[in-house]
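Remarks on the structure that follows.
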Amino acid sequence: MSAIRPVKRRTIRDIRAAKGRTPIVCLTAHSAPVAGILDGHCDLILVGDSLGMVVYGFSSTLPVTLDMMIAHAGAVVRGSSRALVVVDMPFATYHESPEQAFRNAARVLVETGAQAVKIEGGAEMAPTIAFLTRRGIPVMAHIGLLPQSVNAQGGFRTQGRDAEAARLLVEDGLAVEAAGAFSVVIEGTVETVARDITAALAIPTIGIGASVACDGQVLVTDDLIGLFADFTPKFVRRYGEIGKAIEAAVSSYAEDVRERRFPGPEHVV
Ligand code: KIV
């Protein structure tokens, strides 16, 4: 089969093949310009439902809808050409039945051009993951701290603290791998658990708040660029102070308007 433009994006085969060879770099994007900046640096771009919190100002990811994800994912695909784009399935769009999951995941891939979806949950979601992967929908799994289950997990709490919880998390990893997931996000677990899951699985693990023991790392870009002044989670390293840079620019603009220094003669058309 020929294509008008050769496909240059990473594939799920590339991501799987990276395990044990090279750390996998993943960040979130929710807009075309940010996707364009990340594209040359990331293997994977995740259109995370964290957009509910960092873009829309909700206190959790629960209010995010499929239509919101589709709108942002389309922008991210248009803004990138090299990284594999994975889109979060939002809360209650895949829990009811494998058929519901397929219908909604297919909409995501068809309407956005993204390459894969991400689903939160371990062994309990394995039948759904198998249903999707057997029908041509690549799935990244997500185990450990599950933001969509914040109410059921009793808040944003570190997972795998005792031996039984740790054992169940390794079983979750094995179950999503057996179901056909091409990779798995491990969020908010103690280091030993992340290490055990990474050693037990043939697919890559992508950690967030799960230590360096994983095969790759993901962060919410807004956290790492320092967009928010008031809160930085413990597992985030801030690589920039973009919030402060925006504030300085806006403050200069406001002052120039008030002092009638902007627009200047060079801006008159
Ligand atoms: O929604 C998101 O951004 C995520 C990452 C935190 C992994 O799921």
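Looking at Ala181, Ala248, Ala202 in this structure, which one is in a loop (DSSP other than H, G, I, E, B) and surrounded by fewer than 12 Cβ atoms within 10 Å (Cβ to Cβ)?
Ala202
Within the range 117-155, work out how many residues are in a helix (DSSP H, G or I) and away from the ligand (no atom under 15 Å from the Cβ).
Result for the range 117-155: 10.
Considering only residues of the range 156-178 that are assigned to a loop (DSSP other than H, G, I, E, B) and within 16 Å of the ligand (Cβ to nearest atom), which is surrounded by the most Cβ atoms within 10 Å (Cβ to Cβ)?
Looking at residues that are assigned to a loop (DSSP other than H, G, I, E, B) and within 16 Å of the ligand (Cβ to nearest atom), I get Thr158.
Touching a helix residue (DSSP H, G or I) at 6+ places or on another chain (Cβ under 6 Å), assigned by TED's automatic domain parsing to the domain that holds Arg21 and under 23 Å from Val139 (Cα atoms): is that true of Leu219 in this structure?
No; evaluated as a whole, the condition is false for this residue.
Evaluate the following for Ala106: is it surrounded by fewer than 18 Cβ atoms within 10 Å (Cβ to Cβ), at pLDDT 95 or above, over 22 Å from Leu201 (Cβ atoms) and of a type in the set (A, V, I, L, M, F, W, C)?
Yes.
Closer than 29 Å to Pro63 by Cα, among the hydrophobic types (A, V, I, L, M, F, W, C) and modelled with pLDDT under 95: does that describe Phe182?
Judged against the criteria, Phe182 is not a match.
Regarding the range 225-242, can at least one residue be identified that is assigned to a loop (DSSP other than H, G, I, E, B), within 16 Å of the ligand (Cβ to nearest atom) and under 12 Å from Ile143 (Cβ atoms)?
The answer is no, given that none of the residues of the range 225-242 is assigned to a loop (DSSP other than H, G, I, E, B), within 16 Å of the ligand (Cβ to nearest atom) and under 12 Å from Ile143 (Cβ atoms).
Name the one entry in Glu124, Glu164 that is free of Cβ contacts under 8 Å to residues at least 12 places away in the same chain, in the same structural domain as Ile197 (by TED's automatic domain parsing) and under 20 Å from Ala92 (Cβ atoms).
Glu124
The values are calculated or read from the model by the stated rules, or taken from the named source; none is laboratory data. Fair warning: this is a prediction, and the values are worked out from it, not measured in the lab. We place every Cβ from the backbone using ideal geometry, glycine too, and count neighbours over all the protein chains shown.
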